[in-house]
Structures are given as structure tokens and as C-alpha cells.
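Encoded as C-alpha cells, the structure appears first; notes follow it.
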Amino acid sequence: MKASIGKSPGLAVVSVGKRRDSHTFIRIKLKACDEVGIATLIEELPENCTEHQLLNVVSGFNENPLVHGIIVQLPLPQHLDEEKIIDSVSPEKDVDGFHPLNMGNLAMRGREPLFIPCASKGCIELLLRSGVEIMGKKVAVIGRSKIVGLPTSLLLQRHHATVSTVHAFTTNPEKITREADIVVSDVGIPNIVRGNWLKPGAFVIDMGTNRIKDPSSRNGYRVTGDVCFKEATKVVSAITPVPGGIGPITISMLLSNTLDSAKRAFIFP
Ligand SMILES: NC(=O)C1=CN([C@@H]2O[C@H](COP(=O)(O)OP(=O)(O)OC[C@H]3O[C@@H](n4cnc5c(N)ncnc54)[C@H](OP(=O)(O)O)[C@@H]3O)[C@@H](O)[C@H]2O)C=CC1
Ligand SMILES: Nc1nc(=O)c2c([nH]1)NC[C@@H]1CN(c3ccc(C(=O)N[C@@H](CCC(=O)O)C(=O)O)cc3)C=[N+]21
């Protein structure tokens, strides 16, 4: 479906620099928007752009009534203050859910964020649609990044799971993961989670999207998760593959957040 700004939900994407992985993720997002009729605007800034330039671009999108969602693709080059940029996105257009107002409301029971980060929302959606009870379950979330690990832990707690967080300073992580009914991995290290880290029958969501060299593949690399899939499948009841698992679900949550934002704007312009 062809979408045009003004008649459709609108998503603005801001990209800085030339990271190959970021460009791949942006391409996937733009294609998905095109398929469902979400109009897109993309602003590509050079690697050496100033913070002032980037803030100006975000401010323009904040003011633009035809834009309902804004994403600033992360990570940003080191000279830019990531927190300052995230803070500058209007919370009403923060379809990534990374603004502290949305993240803070996610953390506090009884409050509702306007947007929930897409990967975390996708995780819950997957569990619910697979008929997995979350309430009272032991969940190990490996990783505590602001874009995936932390919001996933917060959201799982809102669904009354008992959540353990594993991070780079956790000693014996496998002791924690072996107890978990559900394991979510968001580390970025291929095969870090071995089959013997997992409880028999566990449900595993592998968020890792890692590029590893593979001379036999067309681009010279292939994408793999954090979990040793071959070992895990012998132990667990279900595991998401990479690629083709939680990644595409994350993208569909971005579409859903953008549509929600547009609906709010159409009702309360
Ligand atoms: N499928 C999807 O939708 C998405 C996938 N991703 C993918 O998820 C992965 C992680 O991304 P992101 O969260 O941005 O990465 P970050 O580097 O920001 O976070 C990685 C996390 O892993 C933890 N960690 C690092 N080493 C270890 C270790 N040896 N044992 C246990 N924990 C460890 C870090 O701990 P500490 O905090 O202590 O440093 C940190 O919390 C990447 O592969 C990325 O591509 C990301 C976003 C969405
Ligand atoms: N502001 C911002 N928002 C994000 O949501 C965001 C970000 N920055 N920076 C990077 C991470 C990563 N992320 C993914 C999205 C889709 C797939 C995805 O679709 N993966 C495909 C494969 C992709 C490939 O081939 O490389 C799959 O698993 O099938 C993966 C990872 C969103 N992120």
C-alpha cells in the first residue's frame, strides 16, 4: 500500500552515520511501514554532525503535525549525548518508548506509559499469544540495557512474573537461568547461552541479533542469536529463532505504537 504524509500515520526516522547494522534495521522498518500504509520521513545525518544539528531535526519532527512517531536509531556516535537526544523526543511521539517519562511510567505500577519499548512489548505479546502464563513464573532476563533488557524486566514484573536480572557482573549466571521457566536473552554475544543453562521445558526468547563472519554466505556474514540454538532445542519446550523470531515481532510493535499515536492525534489534534 502506498502511504502519503498527511493522510496516513506518519513515522520519522533519524539516522546518524553509516553503521551497516543500523542501515539494515532502518531498511526493515521502512519496508514494514510501506507494507501497512504508514508514511515515512527519513533524515540521515553525517557521522560528524553536531548535537545542535541533531536536536534541531528532532525538534522539527516534534513540531510537525503529520509525524506521529519519531525514532532516533541507536547507537549514536560517541560524541553525541544519547540521553540528551532521547530526552528531546516528544513523549507523545516516542514510539520507541525510551523517553524517561514513558520509561518511568512503565516502572511504576498504577501508571500507564504512552508507549512501551517495541522489543519488550513484542516479548509479552509472544508469550500471551503462545498461551504461556506469565503470572508467578520465574523469568531470567539476561541484559539490562535501556532499549531491551530493562524495559523487558519492568514489563514482565507488571505482568506479575518473578524476574531475575543477569548482567555482565553476575557470577554464575547459569545458576539463575537454570531455575527460570522463561529466559529472555538480550546480550549481543553469539552462543553465550548454552543448552545446560536452561531448565527442561523452558520457554526461551532470544533477542540477540548478532552478525558473525561467514565466508560461505552472500554478504560474508550471517545473523545469529545469543542462545546456542542446536543445544537449546534439545532441552526447552520452545525457542525463538534468529533470524525470523522476535526481530519481526519487534518491528510489528513499532507499527502498532505508531498507529496508536496517530489515532490519539486524530482524536485529539
Ligand atoms: N530483536 C530485537 O528486537 C532487538 C534486538 N537487539 C539485540 O540485542 C542485543 C543486545 O542489544 P542491546 O541491549 O542494545 O546491547 P547493550 O550492549 O546495550 O546491552 C547488553 C547487555 O548485556 C549484558 N552483558 C554483557 N556481557 C554479558 C555477559 N557476559 N553475561 C551476562 N550479561 C552480559 C550487559 O550487562 P551490563 O549492563 O552489566 O554491561 C548489558 O546489560 C544485540 O544483539 C542487539 O542487536 C536489540 C534491540 C532489539
Ligand atoms: N531507536 C532504536 N530503536 C530500536 O528498536 C532499535 C535501535 N534503535 N537500535 C538497534 C536495535 C535492534 N533492533 C532490531 C530490530 C529488528 C530486528 C530484526 O528485524 N531482525 C531480523 C533480522 C535482521 C538482519 O537480517 O540483520 C530477524 O531477527 O529476523 C532486529 C533488531 C531494534 N533496535
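Taking residues in region 124-140 that are under 18 Å from residue 200 (Cα atoms), and partners anywhere that are open to solvent by 30 Å² or more (accessible area, probe 1.4 Å) and of a type outside the set (Phe, Trp, Tyr), the pairs with Cβ atoms closer than 6 Å and at least 6 places apart or on different chains are 134/159; 137/181; 138/162; 138/179; 138/181; 139/163; 140/164; 140/176. Reported count of residues in region 207-217, each being in a strand (DSSP E or B) and either surrounded by 11 or more Cβ atoms within 10 Å (Cβ to Cβ) or away from ligand 1 (no atom under 16 Å from the Cβ) (or both), is 3. The number of residues in region 121-148 being among the small types (Gly, Ala, Ser) and either outside the structural domain of residue 159 (by TED's automatic domain parsing) or more than 13 Å from the chain's Cα centre (by Cα) (or both) comes to 4. Figure legend. Inter-residue proximity from region 242-265: first residues assigned to a loop (DSSP other than H, G, I, E, B), second residues open to solvent by 50 Å² or more (accessible area, probe 1.4 Å), beta-carbon distance below 7 Å, spacing 6+ or different chains. Indicated pairs: 242/209.
Scanning region 49-72 for residues that are under 24 Å from residue 112 (Cα atoms) and not in a helix (DSSP H, G or I) yields 65, 67, 68, 69, 70, 71, 72. Remark: residue 237 falls outside the filter, which requires a residue to be more than 14 Å from ligand 1 (Cβ to nearest atom) and surrounded by 18 or more Cβ atoms within 10 Å (Cβ to Cβ). Checking the stated criteria, residue 110 turns out not to satisfy the condition of being closer than 24 Å to residue 197 by Cβ and either away from ligand 2 (no atom under 11 Å from the Cβ) or of a type in the set (Ser, Thr, Tyr) (or both).
Of all residues in region 74-109, those satisfying the criterion of being of a type in the set (D, E, K, R) and either in a loop (DSSP other than H, G, I, E, B) or open to solvent by less than 30 Å² (accessible area, probe 1.4 Å) (or both) are 81, 93, 94, 96, 109. Scanning for something touching a Pro at 6+ places or on another chain (Cβ under 8 Å) and modelled with pLDDT of 95 or more, does region 169-189 turn up at least one residue? No, because not a single residue in region 169-189 is touching a Pro at 6+ places or on another chain (Cβ under 8 Å) and modelled with pLDDT of 95 or more.
Filter region 218-232 down to residues that are within 14 Å of ligand 1 (Cβ to nearest atom) and over 19 Å from residue 142 (Cβ atoms) and give me whichever is least open to solvent (accessible area, probe 1.4 Å). Ranking the candidates gives 221 first.
For residue 87, the conditions (1) under 25 Å from residue 249 (Cβ atoms); (2) touching a His at 6+ places or on another chain (Cβ under 8 Å) are fulfilled apart from (1). Screening 17, 97 for residues that are closer than 15 Å to residue 261 by Cβ and within 15 Å of ligand 2 (Cβ to nearest atom) leaves exactly one candidate, 97. Checking residue 27 against (1) of a type in the set (Lys, Arg); (2) open to solvent by 30 Å² or more (accessible area, probe 1.4 Å); (3) touching a strand residue (DSSP E or B) at 6+ places or on another chain (Cβ under 9 Å), which test does it fail? The single condition residue 27 does not satisfy is (3). Taking residue 194, is it at pLDDT 95 or above and either within 16 Å of ligand 1 (Cβ to nearest atom) or touching a Gly at 6+ places or on another chain (Cβ under 9 Å) (or both)? Criteria met by residue 194.
The values are calculated or read from the model by the stated rules, or taken from the named source; none is laboratory data. Fair warning: this is a prediction, and the values are worked out from it, not measured in the lab. Using ideal geometry, Cβ is built from the backbone for each residue, glycine included, and neighbour counts are taken over all protein chains shown. Protein only, heavy atoms only, side chains kept; ligands, DNA and RNA dropped before computing areas. Shrake-Rupley method; radii C 1.70, N 1.55, O 1.52, S 1.80 Å.
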